[in-house]
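One structure is given here, and the rest of the page talks about it.
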Amino acid sequence: QCTEPQKLFNIANELLHTEEAYVKRLHLLDQVFCTKLSEAGISSEVITGIFSNISSIYCFHGQFLLPELKTRITQEWSINPRLGDILQKLAPFLKMYGEYVKNFDRAMDIVNTCMQRSSPFKDVVQNIQKQEVCGNLTLQHHMLEPVQRIPRYELLLKDYLKKLPEESPDRKDAEKSLELISTAANHSNAAIRKMEKMHKLLEVYERLGGEEDIVNPANELIKEGHIQKLSAKNGTAQDRYLFLFNSMVLYCVPKLRLIGQKFSVREKMDIAGLQVQEIAKQNVAHTFSITGKKRSLELQARTEDEKREWIHVIQATIEKHKQNSETFRAFNSSFSQEEEHPPDSSIASTSSVESMPGADGGGALGGSDSSRKSSKSKRDKEKQSCKSCSENFNSITKRRHHCKQCGAVICAKCSEFKPLADNSRHNRVCKECFLQLPASPCSPGVEAVGEQKKRLAAEKQSILAAENSLYSSYLQFLEKGKTWYKMWVTIPKSEPLVLYLQGSSQDGRSPRPIPLPGYEVSLPGSGEKFDVKHVFKLCQSHQTLYFSAEDEELQMKWMEILTKAAKGETEDTAEGLSNS
């Protein structure tokens, strides 16, 4: 039997070995999949949409966390048997995982679309998947690794704390690490559950030979199984297979295959309007029927229990679909008037009018029609994504709302509730309006709203405040395809490896975090020309961020600080700043 110290070492050793395997997976995603797709001419927008900030995650684990774990566990454990102090350094990088997990659903959609519509993309991915390093797993499986990693840290830390003596000097750090990691693990676990559903759909899609486009986050597989279909002509039983989803039933015929069961879809029946009922047939047991808008099927189960289960599950799915449909109808009708009269409906797009045929006055009617179409198209495009976070809306997990003050189209996450002057109830407003609107003393619940406003402002200021920063100043900022604009740039003392950007004209918006490990800090290349002086840049994978300082001294100072932070040198950075 192992002693307690030996058990702690075994947990630490397991953490090291799993971390080494994890870094290899990150290398596969960033340096193989990402690089090969880029070399094949796949656009940077698509690659970033799929892999998000995987380069930051890879650089942090490969260059910072893994080397520290390796040194501690293989060289220092006999004199310093601790894990908590190292794992607590994960804290600033939980934001990186938040960004990756938040983008995960969108990334899956892009991969599925590109695999179906882009031959170069499909060829590159399939060629890599055939290699031994992939272990016969798909790109989607490997993309799930970062989502699964934080829950695994959580499990290992819980096990570690169970065996750690109460008086251990590592207990405080280990408990703090667990608290931080558990919060992030909750987000990852939600993404894992979604991914498991997607994998089920992908498996069914392959078994159907790609006949039905069922791989959609809104689809959910409820039940599947063999069934007998009774012939309408002579009553003979024929082998069939049913797939029950939350929105449809696929009635299939098994294909003759030596390896792996495949099916051909014979009938697709919508849950909307579907009916299921038990039927009694002479000399035939365990029968029931399902009736859709176009066809009715008489089916036979193998046992009475199996028949009852099919009837129960199908009926429950029908009822749930009815409830959801009624909810959506009520939801849609609640803002249908807003949709018909959007806030910008009276604003004509002059540039759209001028660019249309007939806008010179020779075809006034045509120009007017074109203007309306262009304006409507622009509004429709704007309504497809949230004004604040730019994420696309969908009818289930990302619903669309309107700010009752400025009319902006926003998601629930980017909104707050506030009493307005024209009524006493709480109204949904965007965060910009929430911070700008004065409180109404006669409105109920105003104290709670005021406290919420104070809390948001305090959180924002605590990050941006110079006294809470290792280093901060105003810099000009430029991102690809945009123009220079002034930003307040800071590295907080609480997060010494994260750079925060806050636009001076963006009051109410959360500061933008940029985890620094893995970035390269340099001066612009000879071919990069700018109108401003004292420019330096942050580069990582397919992303480049430019900054311009007021003078050369500030430029050099920022480059020195960022270079150290990019290497994970937190203590050196703090010492360097305190001595300057």
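The values are calculated or read from the model by the stated rules, or taken from the named source; none is laboratory data. Keep in mind that this is a model prediction, so the values were computed, not measured. Backbone-built Cβ (ideal geometry, glycine too); neighbour counts: all protein chains shown. Accessible surface areas use protein heavy atoms only, side chains included; no ligands, DNA or RNA. Shrake-Rupley method; radii C 1.70, N 1.55, O 1.52, S 1.80 Å.
Observations on the model:
- Most to least packed among 130-139, 270-279, 197-206 [average Cβ atoms within 10 Å]: 197-206, 270-279, 130-139
- Spherically averaged projected area in nm², based on the convex hull that wraps the Cα atoms of segment 463-571: 7.0
- Checking the Cα-Cα distances for K24/K197; K70/K200; K89/K533 against a 28 Å cut-off, the pairs over it are K70/K200; K89/K533.
- Calculated accessible area for segment 463-571 comes out at 49 Å² per residue, all protein chains present (probe 1.4 Å; ligands, DNA, RNA ignored).
- Across segment 221-322, the volume of the C-alpha convex hull divided among the residues equals 105 Å³ per residue.
- Of K529/K557; K176/K413; K130/K262, those spanning more than 24 Å from alpha-carbon to alpha-carbon: K176/K413
- Largest-first principal axis extents of the Cα set of segment 240-296 (Å): 37, 32, 18
- Exposure of W310 as accessible area (Å², to 10), given a probe of 1.4 Å and all protein chains: 10
- Surface per residue (accessible, 1.4 Å probe) for segment 221-322, Å²: 58
- ³J(HN,Hα), Karplus 6.51/-1.76/1.60, whole Hz, each residue of segment 36-52, x for Gly, Pro: 5, 5, 5, 5, 7, x, 5, 4, 5, 5, 5, 5, 5, x, 8, 9, 6
- Heavy-atom surface of segment 4-208, accessible at 1.4 Å and reported per residue (Å²): 47
- Placed amide H near I222: partners under 5 Å, 5+ positions off or other chain: L244, F245, N246
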